[in-house]
Each structure stands twice: as C-alpha cells, then as structure tokens.
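To start, the structure itself, in structure tokens.
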Amino acid sequence: MKKKTIYIIIPFVLIAMVVVLVVMFTKQKPTIIERKEIVEEKIPELYGEPLTDWTLYTDTVRKGDFLGTIMGRYGITPQQIDKIAKMSSDTFNVTLINLGRPFTVFSDTVIDSIPQAKIFVYENSAVRFTKYDFRNPDTILISKLEKPIDTVDLEAAGVIEYSLWQTMIDNGYSWELALAMSQTFAWTVDFYALQPGDWFKVLYSELYVGDKRIGIGDIKAGVFYQGGKELWAVPFTQDSTLSFFDTVGNSMRKTFLLAPLEYTNISSRYSHARMHPIFHKVTEHLAVDFSAPMGTPVYAASDGTIVTRTYGTGAGYYVAIRHNSVYTTVYMHFSRFGEYNVGDRVNQGDIIGYVGSTGWSTGPHLHYEVHENGQKIDPLKFEPPPAEPVDSAHLERFNEEKRFWIDKVNAIKMDEVK
Ligand SMILES: [Zn+2]
C-alpha cells in the first residue's frame with residue numbers, strides 16, 4: 001500500500017520539477033537573449049575620426065608658433081590659411097593658440113618629404129578641440145568639438161579630527177571634493193563648528209577624458225554626522241529639477257525672509273551711487289534701508305549663527321548672522337539688541353534686535369545687508385535657492401529612490417575607502 005502511494009507521488013514530483021525548470025528557464029530567457037547581442041567590430045577613433053589608413057603626427061605648440069606657420073609645415077597653402085583666417089570668427093580665433101598645447105595632423109600622403117595634412121586638430125583644452133578638415137579641396141570645414149567624458153563613481157568617508165580640509169588631505173581626497181561637499185551641505189552642516197568625531201560619507205563622481213582626470217563631477221548623495229545628528233543629502237528630481245532633500249523630503253536649503261521686519265517704507269535702495277544723507281556726497285549704498293518705528297522687532301532672516309553683536313561708529317548697534325559658507329546678513333542702527341549673543345544659533349524669525357537710530361543715521365530705520373560669498377548683493381533682488389519640500393504627489397517615488405541612496409551611502413565603510 002505504501003509503495004503504491006510513492007509511485008503515485010513520483011509523477012507529481014516530476015511534473016513539479018518540470019514546472020520549476022520551465023519557470024526558471026523562462027525567467028532566464030531574456031538574459032540569454034541579451035547576451036547574444038552581436039558585438040560590432042569597432043574601428044578605434046581619435047577626435048571622432050576612425051583610424052583607418054592615417055599616418056598621425058603629434059606635436060605641441062612651440063614659442064613663436066602661429067596656427068598658420070604650424071599648418072604650413074604640413075602642406076597647407078597660404079591661400080588655405082588665409083581662408084581659415086577669414087572664416088574664423090571669435091569662436092575659431094586662429095591667433096588663440098597656447099604654448100605647449102598639443103596638435104595632431106592626420107595625413108595619408110607625403111610630398112617632397114612634407115606630410116600633407118588632411119585633418120588638423122588643435123587641442124584647446126583637455127576636453128575641447130578644434131578640427132580643421134581639408135579633405136574637400138573646395139571647402140575647409142572647421143568644427144569645435146569635445147572629447148567624450150567618462151564618469152567614474154567613487155565614494156569618500158572620513159572622521160573629522162581637526163577640520164574638514166585636514167581630514168580631506170589626510171585621506172587623500174581633492175580640495176575640489178571638499179568644496180563640492182561644503183556646497184552640497186552648506187545649509188545643513190555648520191562647517192565652522194565641526195567637532196572631532198564628526199564624520200561624513202559621500203558618493204561622488206570624477207570626470208575623465210581617456211585616462212586623464214579632468215575634475216570632479218557631482219556629489220550624488222551623502223550624510224554628515226554633526227552635533228549628534230545625521231544630516232542627509234538625498235538627491236531627487238521633481239519638475240525636472242534635481243535638488244537635495246533630507247530623509248523625510250524637506251529641502252536641505254532654507255528660505256530667507258523677504259524683509260527681516262515689518263517696515264513702513266523703503267527709504268534707501270541698493271545703489272552704487274547715492275547722496276549720503278549725513279555727508280551730502282555721493283557714496284555707495286550696498287544695502288536696503290527699511291524705515292520703521294523705533295523699537296520695531298528685527299528678525300533673523302534665516303537660520304544661522306550670530307557672528308557679530310557690537311557697536312560701530314557708523315553702524316551703531318549692529319548684528320551679523322552667518323547662515324552658511326555662502327550667505328551672511330547684517331543689521332544696523334539698532335536701539336537695543338535681542339537676547340542672542342555671539343556664537344548663538346538663531347532660527348529664522350528669532351528677534352535679534354530692535355529698530356533704532358544709533359550710529360550714522362537720520363531717523364529710525366534698519367540698514368540691511370546681504371553678503372553672498374563676501375560680496376554685498378541687493379537684498380531686494382536676492383533670490384535664495386528654492387526650498388520647497390518634495391511634492392506630496394512625488395512622495396512615493398521619493399521614498400523608493402531615497403531607500404536606494406541611503407542604503408548605498410550606509411554601505412560605505414570608513415576603513416575601506418582610500
Ligand atoms: Zn543704509
């Protein structure tokens with residue numbers, strides 16, 4: 001009886017095995033087809049030109065060389081050179097060749113031991129080159145082109161011991177990477193307040209032309225650990241704009257108040273030349289004056305750190321807030337300060353002082369400056385980067401993509417990076 005049961009079961013087991021195999025095979029099928037792709041035989045190229053029967057001559061621009069004299073050495077006639085000079089606009093300025101830059105001549109004939117150039121390529125930079133094509137006897141084709149750029153994905157990690165820069169140097173990373181990181185994390189990480197033990201992990205890319213490194217690409221994603229918090233940069237594209245967000249989809253950037261107080265009118269605008277109300281001579285006014293009643297509260301325009309809180313002869317009682325490595329705002333002529341001192345973190349909207357008329361001032365007003373990379377810009381034309389969070393319509397996609405980036409960044413090991 002038992003034996004019979006087994007015999008009955010066996011066909012079922014076989015059928016099941018066949019089904020499993022069929023399923024496995026069907027699942028594998030697309031992969032197999034993909035691998036059968038015919039690999040086309042590819043002729044190697046140089047400057048977008050297939051290297052068929054050419055003889056190549058490569059040299060660099062020497063002292064006293066002009067494009068015309070160089071080309072003349074490769075059988076290009078004075079008439080052709082003249083034609084090039086006439087064709088060349090600013091974009092193809094023939095005189096703009098630099099000492100030491102390489103050039104390449106493509107030739108297929110030699111007359112009186114002079115190789116005859118059919119194509120002449122001058123390398124403007126590591127990426128850009130100008131191609132002069134003499135193959136058609138009636139016309140000379142000039143084109144400005146770029147070499148293909150390869151992107152290599154890399155990762156970086158480090159623990160802060162003294163400063164970010166020192167950590168970058170110690171780990172063998174480039175200053176460009178440090179700069180890119182300080183820009184990506186400008187609004188969330190206080191780079192002036194990094195402490196020993198703070199750390200970072202970032203995914204980034206480097207750009208290559210052939211095997212020559214030409215610079216840094218983008219920061220792809222990353223995390224900075226500062227003050228006991230993980231500050232994430234998660235990339236996400238919405239409305240065809242790529243921005244960075246934290247892990248819940250808030251923008252990494254902070255907005256600025258349009259005006260840091262409730263004012264009655266603008267008494268003086270940003271100008272490179274205005275009549276100074278006290279000195280009665282033309283001076284710059286790289287700020288905006290907001291008139292307001294004495295004692296009107298003045299707010300921090302955005303989150304930041306108080307870096308100045310003092311009295312100046314011209315400025316009166318004034319405050320400066322550093323928002324990040326790019327932006328600082330300055331507030332002058334206070335009647336009195338708010339409760340925050342130098343070194344204190346303030347949030348947007350915190351009261352930092354009250355309208356007054358201290359210093360060189362003719363009446364109660366706030367003199368407000370916005371500094372961008374150390375330059376005083378027009379606060380009324382200042383358009384800070386947008387700070388919108390991920391739109392609720394895109395939240396599902398954001399959460400999926402975020403998982404990918406977070407896992408990838410978390411997988412970076414401190415001791416495994418270079
Ligand atoms: Zn002013």
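The values are calculated or read from the model by the stated rules, or taken from the named source; none is laboratory data. Since the model is a prediction, treat every value here as computed from it, not as a measurement. Cβ placement follows ideal geometry from the backbone for every residue including glycine, while neighbour counts extend to all protein chains displayed.
Listed values, structure above:
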{"read-out": "Test: residue in region 288-302 that is more than 16 Å from the ligand (Cβ to nearest atom) and in a strand (DSSP E or B)", "value": "yes"}
{"read-out": "Criterion violated by E369 - all others in (1) assigned to a strand (DSSP E or B); (2) among the acidic types (D, E); (3) away from the ligand (no atom under 16 Å from the Cβ) satisfied", "value": "(3)"}
{"read-out": "K201 being among the basic types (K, R), under 22 Å from N324 (Cα atoms) and in contact (Cβ under 8 Å) with a residue 12 or more places away in the chain", "value": "yes"}
{"read-out": "Among the residues listed as T264, T241, the single one being modelled with pLDDT under 85, polar (S, T, N, Q) and surrounded by fewer than 20 Cβ atoms within 10 Å (Cβ to Cβ)", "value": "T241"}
{"read-out": "Residue ID - nearest to the ligand (Cβ to nearest atom), chosen from residues in region 332-359 that are more than 15 Å from T310 (Cα to Cα) and surrounded by fewer than 22 Cβ atoms within 10 Å (Cβ to Cβ)", "value": "I351"}
{"read-out": "Search result, residues across region 303-326 that are assigned to a loop (DSSP other than H, G, I, E, B), within 16 Å of the ligand (Cβ to nearest atom) and buried (at least 18 other Cβ atoms within 10 Å of the Cβ)", "value": "A315"}
{"read-out": "Members of region 158-201 that are of a type in the set (F, W, Y) and over 25 Å from N347 (Cβ atoms)", "value": "Y162, W165, Y173, W175, W199"}
{"read-out": "Pairs, first near the ligand (Cβ under 10 Å from one of its atoms) in region 271-287, second among the β-branched types (V, I, T) and modelled with pLDDT of 70 or more, C-beta under 6 Å, six or more apart", "value": "H276/T283; P277/T362"}
{"read-out": "Long-range neighbours under 8 Å by Cβ, at least six apart or interchain, first residue farther than 16 Å from A117 by Cβ within region 35-64, second modelled with pLDDT of 85 or more and among the hydroxyl-bearing types (S, T, Y)", "value": "I43/T52"}
{"read-out": "Region 38-62: number of residues that are at pLDDT below 85 and either within 37 Å of the chain's Cα centre (by Cα) or closer than 24 Å to T109 by Cβ (or both)", "value": "4"}
{"read-out": "Any hit, region 219-233, residues being in a loop (DSSP other than H, G, I, E, B) and modelled with pLDDT under 90", "value": "yes"}
{"read-out": "Within region 372-390, considering residues that are part of a loop (DSSP other than H, G, I, E, B) and aliphatic (A, V, I, L, M), the one surrounded by the fewest Cβ atoms within 10 Å (Cβ to Cβ)", "value": "L380"}
{"read-out": "Unmet requirement for T329, which otherwise passes all of (1) over 30 Å from Q183 (Cα atoms); (2) within 16 Å of the ligand (Cβ to nearest atom); (3) in a strand (DSSP E or B); (4) not basic (K, R)", "value": "(1)"}
{"read-out": "G100 being in a loop (DSSP other than H, G, I, E, B), touching a Ser or Thr at 6+ places or on another chain (Cβ under 6 Å), in the same structural domain as Y132 (by TED's automatic domain parsing) and modelled with pLDDT of 90 or more", "value": "yes"}
{"read-out": "Residue in region 138-158 that is out of contact with any strand residue (DSSP E or B) (no Cβ under 8 Å at 6 or more places or on another chain) and more than 30 Å from H323 (Cα to Cα) present", "value": "yes"}
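Conditions tested, residue by residue: (1) in contact with a helix residue (DSSP H, G or I) (Cβ under 8 Å, 6 or more places away or on another chain); (2) at pLDDT below 90; (3) assigned to a strand (DSSP E or B).
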{"position": "D90", "(1), (2), (3)": "no, yes, no"}
{"position": "T95", "(1), (2), (3)": "yes, yes, no"}
{"position": "K118", "(1), (2), (3)": "no, no, yes"}
{"position": "T130", "(1), (2), (3)": "no, no, yes"}
{"position": "N136", "(1), (2), (3)": "no, no, no"}
{"position": "A156", "(1), (2), (3)": "yes, no, yes"}
